[in-house]
Amino acid sequence: MWKKIKYIIETHQLRKYFGKNLKAVDGINLRIPKGTLFTLLGPNGAGKSTTISMLTTILPPTSGTAYISGFDIRKHAKKIRQIIGVCPQELSIYGNLTARENIYLIAKMHKMKKIDYKERTDELLGKMGLTDRADDKVSKYSFGMRRRVNVLMAVVHDPEIIFFDEPSTSLDPQSRRVVWDFIKEFQDKNKTIILTTHNMEEADILSNYLVIIDHGRIIANGTADELKGTLGRGDIITFKINSYMHSGDVIPRIQGLDFIDSVYTLDDKTIELRAKDGLRRISEIMETIPTRIYDLSVRRNSLEDVFLSQTGRRLRD
Amino acid sequence: MIAYPVLLISMAFFAYGNSNYNTIDIFTITVINNDLLDEENPEFARNETSIFFCDAISSKEYQNTLIIEGINIHVLETAIDLLNSLRIDAIVVINEYFSEALYKSPTHEDKLPIVDIITKDNILILAELSLIVVEIVNSISFNITGAPEAEIQSATLGGLYFDYTLFDLLIPGIIIGSLSICMSLLAIAIAKEKESRRMHRLMTTPVKRRTIITSIVITQIITAIIQFFIAVLLSQLLGTHALANVNWNVIFFIAMLYNLSSMGMGLILASFVKSARNAALISFIITFTMMMIGENYTIPGEMAGSAFIPNTYAVDAVRNIMLFGRIGWDIIGFDIIFLSLFGMTTLIIGLVSFNRKYAMT
Ligand SMILES: Nc1ncnc2c1ncn2[C@@H]1O[C@H](COP(=O)(O)OP(=O)(O)OP(=O)(O)O)[C@@H](O)[C@H]1O
Ligand SMILES: [Mg+2]
């Protein structure tokens, strides 16, 4: 019987353990409304791909429940497979087929009609700038081109829910933009998109909503602005001080300034501070420091900082 | 794909080049030398080469295989009596034109250096003895310019007859061996799909897992069929003397039965290996071991464990059909039963373990 589904993806205490000790996914609760571009942000090994594997019916969970469009992933895998598209993190393409053939293969597996998938494939290849090379074997493609084919294979059948597992990893900035624009288009068409990444810029630009995952657990969630807001607004200034001073000697002086939100040390010689309007008032800060400084950088508050403040580690290290 | 049979052949020669046929049996033979002096042409050193032959066959080199029960001490009739009463295992008869034929004497230009081998009913002794005789004759004719190759005529008293080269004896092993490679191919193909995560991609589509695995297996079965024909074609091109009226249909049937086991074992292997590299490595070791234990390239003897290896039965059946034209249920029936059971069992275990690996329906 048809029933109204509030969330197109809903999980409850979803867990996946590999062996006894490796808790790859450790109790994840998600509620994703239709049409959301939902990002799982987290460092290597956080459990992003494992979560995707469970949601895409490849990996049975150790415990917990997950519903995709109201279908239980354990019981109605086949129904789910009809409405999802998956772009795996690895290049899962056939090197000895052409880009077109690779895409046709998935279209056929979804029982699409030839006239439909032919037209759609041409359109998709055009969007990714692959039209000229569409009939070359993929093994002759550059890495970036292969990644684009990898992405296209996920969407040829126009699925309702699309999973992109690190679609832009190790792409150059230009190709990355192409992929981002491509993903955004689906967002505009009210498709639900689950994206994983450890690129905070990508998460920031694309997501409607995001969760930060670490060690298989959600450590923060919200929109990008909400998350950044938890850290206070303003600029982040980082610098190193001269060798004979210790950061501990310097911090109290900076704290004296009234426009400083917070100041802390990253290591013995590195100091980071947050300040409203910090860039403009940087000279005032420098005046309080009785030694030479170097490696000065000023940047906007980012999701990286959210991660840092939650875990004390950087996303990539 | 062409590369595999070639690889197997070189492997076979390698295997032979380094072994003394690995036999455990010692058998007793008697030699009759009919290569007599020719009174009309005394200038030809007849006898010389046949005596050399007799020396060679009774030399140290073969003392682990042969016990010589006299050279020229029996006439054919008494020798056959000995054979029938199981006192000896084989008779080797050197043809009367042996030396002359080797030297291409003008008066006997059309004659061939012929050696007959006769056993009671044991074709395996026949086969093994043929190899030894061919080896000796070739080593003799190698030293004579323009000498023709020896002709070996072998027969059992029961009437089985053959006329082989070493290569002929290897052919059945090569045909079956080329199919055991398909186990590797299947395991590697699946491991590659897994490793590249293409398997995962395929499995997120509505196509059933059963359909996916079936199509991979069918691809490999087609490869196996092509392999079979390549091996057969190659054996013909390289000149086998297998029986002219060989029943290829039955050989093909046996080969495909054997291939069931290959597919089953390939699936089992694929369900636990992590990478294509591992699949290749492990399956090569398994294939090679099976060929050795299954005596693909050696004369069937008592290789330990050979009774549990499908190769043994497949090669045995193909040898019987191809070389001896023996095709009756009493001869190859057990081979067929073993191959069917083994093939079905491994195939079922393989499919079950594959399905368990991808447990979600
Ligand atoms: N099949 C598996 N068997 C055993 N351990 C696994 C398996 N798959 C993943 N893991 C482990 O689970 C943890 C989470 O892995 P996962 O691939 O989900 O991380 P991720 O967030 O996608 O990381 P990345 O950004 O590197 O892709 C890791 O410690 C990984 O080693
Ligand atoms: Mg991952």
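The values are calculated or read from the model by the stated rules, or taken from the named source; none is laboratory data. Being a predicted model, the structure only gives us computed values, none of them experimental. Virtual Cβ from ideal backbone geometry, glycine too; neighbours counted across all protein chains shown. What goes into the accessible areas is simple: the full protein's heavy atoms, side chains included, and nothing from ligands, DNA or RNA. Shrake-Rupley method; radii C 1.70, N 1.55, O 1.52, S 1.80 Å.
General observations
- Residue within the stretch A:110-123 that is away from chain B (no Cβ under 14 Å), within 24 Å of the chain's Cα centre (by Cα), open to solvent by 30 Å² or more (accessible area, probe 1.4 Å) and not acidic (Asp, Glu) present: no
- Residues in the stretch A:33-50 that are near ligand 2 (Cβ under 9 Å from one of its atoms) and more than 7 Å from A:Ile213 (Cα to Cα): 6 in all.
- Meets criteria (open to solvent by 10 Å² or more (accessible area, probe 1.4 Å) and more than 16 Å from ligand 1 (Cβ to nearest atom)) for A:Pro173: yes
- For the stretch A:20-59, the set of residues classified as assigned to a loop (DSSP other than H, G, I, E, B), away from chain B (no Cβ under 11 Å) and surrounded by fewer than 23 Cβ atoms within 10 Å (Cβ to Cβ) consists of A:Lys20, A:Asn21, A:Pro33, A:Lys34, A:Gly35, A:Thr36, A:Pro43, A:Asn44, A:Gly45, listed by residue number.
Listed here are the residues, each with its yes/no results for (1) within 14 Å of chain B (Cβ to nearest Cβ); (2) within 16 Å of ligand 2 (Cβ to nearest atom); (3) in contact with a strand residue (DSSP E or B) (Cβ under 6 Å, 6 or more places away or on another chain); (4) under 24 Å from A:Arg313 (Cβ atoms).
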| position | (1), (2), (3), (4) |
| --- | --- |
| A:Val211 | no, yes, yes, yes |
| A:Ala220 | no, no, yes, yes |
| A:Leu257 | no, no, no, no |
| A:Val263 | no, no, yes, yes |
| A:Asp267 | no, no, no, yes |
| A:Lys276 | no, no, no, no |
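- Scanning the stretch A:3-18 for residues that are open to solvent by 60 Å² or more (accessible area, probe 1.4 Å) and outside any strand (DSSP E or B), we see that the one that is modelled with the highest pLDDT is A:Lys6.
- All conditions but one from (1) crowded, with 24+ Cβ neighbours inside 10 Å; (2) modelled with pLDDT of 80 or more apply to B:Gly294; the one that does not is (2).
- Filter pass, A:Ile194 being in contact with a Phe, Trp or Tyr (Cβ under 9 Å, 6 or more places away or on another chain), within 14 Å of chain B (Cβ to nearest Cβ), hydrophobic (A, V, I, L, M, F, W, C) and in a strand (DSSP E or B): yes
- Residues (within 14 Å of chain A (Cβ to nearest Cβ) and without any contact (Cβ under 8 Å) to a residue 12 or more places away in the chain) located in the stretch B:309-360: B:Ala359, B:Met360
- Hits in the stretch A:91-109 (condition: without any contact (Cβ under 8 Å) to a residue 24 or more places away in the chain and surrounded by fewer than 18 Cβ atoms within 10 Å (Cβ to Cβ)): A:Glu101, A:Lys108
- In the stretch A:60-106, the residues that are more than 10 Å from every other protein chain (Cβ to nearest Cβ) and in contact with an Asp or Glu (Cβ under 9 Å, 6 or more places away or on another chain): A:Thr65, A:Ala66, A:Tyr67, A:Ile68, A:Ser69, A:Gly70, A:Thr98, A:Ala99, A:Arg100, A:Glu101
- B:Ala191, sole failed condition from (1) surrounded by fewer than 20 Cβ atoms within 10 Å (Cβ to Cβ); (2) within 26 Å of B:Thr289 (Cα to Cα); (3) not aromatic (Phe, Trp, Tyr): (1)
- Residues that are open to solvent by 10 Å² or more (accessible area, probe 1.4 Å) and within 14 Å of chain B (Cβ to nearest Cβ), drawn from the stretch A:132-164: A:Ser139, A:Arg146, A:Arg147, A:His157, A:Asp158, A:Glu160
- The set of residues in the stretch B:203-241 that are at the interface with chain A (Cβ under 9 Å from one of its Cβ atoms) and crowded, with 20+ Cβ neighbours inside 10 Å comprises B:Met203, B:Thr204, B:Thr205.
- Test: residue in the stretch A:161-168 that is in a helix (DSSP H, G or I) and away from ligand 2 (no atom under 16 Å from the Cβ): no
- Any chance A:Phe38 is within 7 Å of ligand 1 (Cβ to nearest atom) and aromatic (Phe, Trp, Tyr): no
- Test: residue in the stretch A:201-209 that is open to solvent by 50 Å² or more (accessible area, probe 1.4 Å), more than 14 Å from every other protein chain (Cβ to nearest Cβ), away from ligand 1 (no atom under 16 Å from the Cβ) and free of Cβ contacts under 8 Å to residues at least 40 places away in the same chain: yes
- The residues in the stretch A:60-82 that are in contact with a strand residue (DSSP E or B) (Cβ under 6 Å, 6 or more places away or on another chain) and either open to solvent by 40 Å² or more (accessible area, probe 1.4 Å) or of a type outside the set (Val, Ile, Thr) (or both) can be counted, and the count is 8.
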